[in-house]
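Working notes, structure below.
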Amino acid sequence: MADEFLKMDMEVKVELNADWAKFGDKLQNVIEIAARHIESDAKDRLRNWPAIDTGATFNSTQSRKADTQGLAWRVGPTTEYAPFIEFGTRYMEARPFMVPAAEREKPRIEKAITELFKDL
């Protein structure tokens, strides 16, 4: 009996009404805009530091979708040494660029999501 259960194919289907679908689209837009703002702010912070040797961290700092629904985004550099720039080392002072950019965007994200819920 247990073997038969394990071989069964199951499908779960959820259909959202039109209002929820619109909400999802708006939420995707809010999240994408926030990710793009964080990217831009982080790059501005990197640009303003006096020493940018190669520009690799600046150039690798991007926002990109982290899931197929567009409800999660990754924002940041891909250079191996970026954490050392952000948090510093015993030999180098921290030059934070990602955390302050995200913190600056946080109130705008919260406000935008609050506004979305008012429309429901």
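Taking segment 68-80 as the range and being in a loop (DSSP other than H, G, I, E, B), open to solvent by 50 Å² or more (accessible area, probe 1.4 Å) and at pLDDT 90 or above as the test, the residues that pass are Thr78, Glu80. Taking the criterion of being of a type in the set (D, E, K, R), assigned to a helix (DSSP H, G or I) and either open to solvent by 80 Å² or more (accessible area, probe 1.4 Å) or out of contact with any His (no Cβ under 6 Å at 6 or more places or on another chain) (or both), would at least one residue in segment 45-59 satisfy it? Yes: segment 45-59 contains one or more residues that are of a type in the set (D, E, K, R), assigned to a helix (DSSP H, G or I) and either open to solvent by 80 Å² or more (accessible area, probe 1.4 Å) or out of contact with any His (no Cβ under 6 Å at 6 or more places or on another chain) (or both).
Of all residues in segment 83-104, those being assigned to a helix (DSSP H, G or I) and out of contact with any Ser or Thr (no Cβ under 7 Å at 6 or more places or on another chain) number 11. Hey, any hits in segment 105-115 for a residue that's of a type outside the set (A, V, I, L, M), in contact with a Lys or Arg (Cβ under 8 Å, 6 or more places away or on another chain) and either open to solvent by less than 80 Å² (accessible area, probe 1.4 Å) or outside any loop (DSSP other than H, G, I, E, B) (or both)? No - not one qualifying residue is present in segment 105-115. So which residues in segment 28-67 are among the hydrophobic types (A, V, I, L, M, F, W, C) and more than 10 Å from the chain's Cα centre (by Cα)? Hits for segment 28-67 are Val30, Ala42, Leu46, Trp49, Ala51, Ile52, Ala56, Phe58.
The values are calculated or read from the model by the stated rules, or taken from the named source; none is laboratory data. It should be emphasised that the depicted structure is a prediction, and the values quoted were computed from it without experimental measurement. Please note: Cβ atoms are built from the backbone with ideal geometry, for glycine as well, and neighbour counts cover all protein chains shown. For the accessible areas, the whole protein counts, side chains as well, though only heavy atoms, and no ligand, DNA or RNA atoms are used. Shrake-Rupley method; radii C 1.70, N 1.55, O 1.52, S 1.80 Å.
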